[in-house]
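The values are calculated or read from the model by the stated rules, or taken from the named source; none is laboratory data. These numbers come from a predicted model, not from an experiment. Here the Cβ is made from the backbone with ideal geometry for all residues, glycine too, and neighbour counts use every protein chain on show. For accessibility, only protein heavy atoms count, side chains too; no ligands or nucleic acids. Shrake-Rupley method; radii C 1.70, N 1.55, O 1.52, S 1.80 Å.
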Amino acid sequence: MTFNSPFKKRFFFTVFFVMMICKGYSQTQIIDSLRKAILENKSTAKQQELVLKMCEQHYSMTADSLLKYLNLAKTIFPRNSIGYFRAEFFYNIYLLKAGKPKDAVALCDSLLAKINDVENSQQEKLELTGGLCNALIRNNQNKEAIEQSFNLLQGAESLRDTLAAVKAYIYLGWANMELGQNTEAIKWLNKGYHYSLNQNFLQQSSSLFSNIASCYNNINRPDSAFFFIELALKYYREIQNLSGTANALNIRADMYLNEKMYAKAEKDLEEALEIRKQIGGNFYIISDMGQLAFFYASTNHPEKGIAIAHEGIALARKNNNLSKLIFLYTGLAENYKVANRLNDYASSLQKIIDLKDSLYDKNSADAIADFEAKYELQKKENIIIRQQYHLAKNRYIIIGIVIFFLLATTLGYMLYKNYHQSEQNKMKIAMEEQRMLSERAVQLAEENERKRIAADLHDNLGSYAAAISSNVKYLKEGVIENSNSITSQLEENAHSMVTQLSDTIWILKNEHLSFTKLADRFKVWILRLMQNYPEVKYHYSENIINDVEFTPTKILHVFLILKECVNNALKHSQCTDLRIQFLSDGIIQVSIEDNGKGIDNNTVSGGNGIENIKYRAIESGWKVAWQQVVPHGTRVVITDDTTN
């Protein structure tokens, strides 16, 4: 639609006048300047340019304000024009601001399907693919977002679009952040950081720095985190990006909390909240609620933290935001811990484990790796295509030489082909023999593994079953007058049997288990166990930077070793203090330390429990060492021999 009649002109200015009345103030000076320019310019072309520039300021506008300008844009651009198409693209951002990520994904898919009908639209196609990545991440479709990010990176490199390439790396990092893969996220974000030194590109990619800062904060590297968050705030404020500024302030507040700088943290949270009130958006409001929950836990106001966490959980469930649910439940657990509500704390930890499993299942790591492999393959194919193109340009120069050597080449090719065919036949025979040998080896290994698991279950569960049978026999015969002790033993043996079976099934139902999942499972077990020992204080900590996956058998052995060590300390050491630490930073290690009476060499070299620990360690590749603690106590250190 163009201004070809007085009626259409009056319509445009009437609509815009109503917009000005509905929104009488501006979020930033840039928006205020653009609004004034739109009012003053009468040229249709200039109006179109200014309205699109206003839509580009969406990160500092409310959803309602953005929608008004989008409706205006559709009245002044002809249908099927680039400008009209860009207005439709910005409508997807409005849907995200309105808390409708599923609708935003559907709109992006629809626009991508018809983008080829628009002339000279390669740049818009890149921008739309980036918008789809953004919407997919907001809708918890991180696996699909990673696939689209590789598509965006491939398109950006083919068009040599530096800004689009940097954004592709941002989306790859962001999607991995939502999956809790901070180390993987840092890898992609650093690629974006080093892709260009142009300050203009870096300024337009400010989220790159806030995301890197968040990742470094999550893996406890505060110096790097503070460096990048200050860069992010600098760039966000230079371009007057209110949404990005609020995000960066929340990240810095979390960093201040870790450093126990509560006054600075509170100041950042308050400033971020004021910005949110200006621009709205459920996705980030949910994040702010989680941030406040952690703040209240750190400042010893758990009841406020519990309330705000529950409010955020309800909103996250309504918006189907799985990754933010994990964040909110973690904040809720911290507040329960501060409030000493241990049962609620344990339930929250179990909920976090279930949510992590759900998120992992929804975004399979194998599928993500497949997308990355496809991208690398396509990239190599593109290089080959470009090389072939350059060779084709020089083809006519060497035609004479090719004709001269044609007969010789043909003869050589025939000889080579015969030789090559012979070698291929030999290789096929050798590969078939190797395949049969491999299959037999796998079958034998699986059979041995089944026998070992069956024997392990027989040894552990068999002893409990025998004890239960004996207890029942005594009760039936009435041999012992005081049946309470027999009943207690019966109950304890039955509980131990169920727990042993539950732990074994949990471990063996997975093909691989990570060190983090072992730590989470053990954390829940120790929390429940320590409720039976109120006289013993325990301290649990973990520093898992490099997560490693193990086979179920290896995890089962170390889990049973840890339980045996803790039970030994509680039953025999007469300790009042117990410390457990999980460490994964170059080495995989778990230590259990008590302040009890200590352990001597004779004890270490004898006893069924100690011998059982040694046997499990040898079987599964763990190294166990008992150390004296000065002035008294024992430290047991379990290290993975296979990763050193």
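The table below lists the values:
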item: Probe 1.4 Å, protein heavy atoms only - accessible area per residue of region 27-175 in square angstrom; result: 40 Å²
item: Low-density loop positions, chymotrypsin sites (Phe, Trp or Tyr not before Pro), region 55-109 - DSSP coil, at most 13 other Cβ in 10 Å; result: none
item: Hull volume in cubic angstrom per residue (convex hull over the Cα atoms of region 521-623); result: 108 Å³
item: Net lengthening on full extension, Trp506/Gln278 (0.36 nm per residue, minus Cα-Cα); result: 77.3 nm
item: Global geometry of region 86-150, whether rounded, prolate or oblate, following the gyration tensor of its Cα atoms and the 1.5 cut on a/c; result: oblate
item: Distance between modelled label sites at Asp354 and Lys264, nm, 7 Å Cα→Cβ extension; result: 3.9 nm
item: Flagged links, alpha-carbon separation over 31 Å, of Lys356/Lys537; Lys234/Lys523; Lys46/Lys167; Lys46/Lys324; Lys473/Lys554; result: Lys234/Lys523; Lys46/Lys324; Lys473/Lys554
item: Rough spin-label spacing in nm, given labels placed 7 Å along Cα→Cβ, for Gln531 and Ser81; result: 6.8 nm
item: Label-point separation in nm, His539 to Asp109, each point 7 Å along Cα→Cβ; result: 5.3 nm
item: Rg over Rh, two decimals, region 45-133 (C-alpha only, Kirkwood Rh); result: 0.94
item: Largest-first ellipsoid semi-axes for region 496-549, taking √(5λ) over the Cα gyration tensor eigenvalues, angstrom; result: 23, 19, 4
item: Within the accessible area of region 107-170 (1.4 Å probe), percent carbon and sulfur; result: 37 percent
item: Unit Cα scatterers, Debye sum, region 211-335: log10 I(q)/I(0) for q = 0.11, 0.12 Å⁻¹; result: -0.34, -0.41
item: Over 23 Å between alpha carbons, listed pairs Lys36/Lys68; Lys97/Lys191; Lys53/Lys318; Lys68/Lys100; result: Lys97/Lys191; Lys53/Lys318
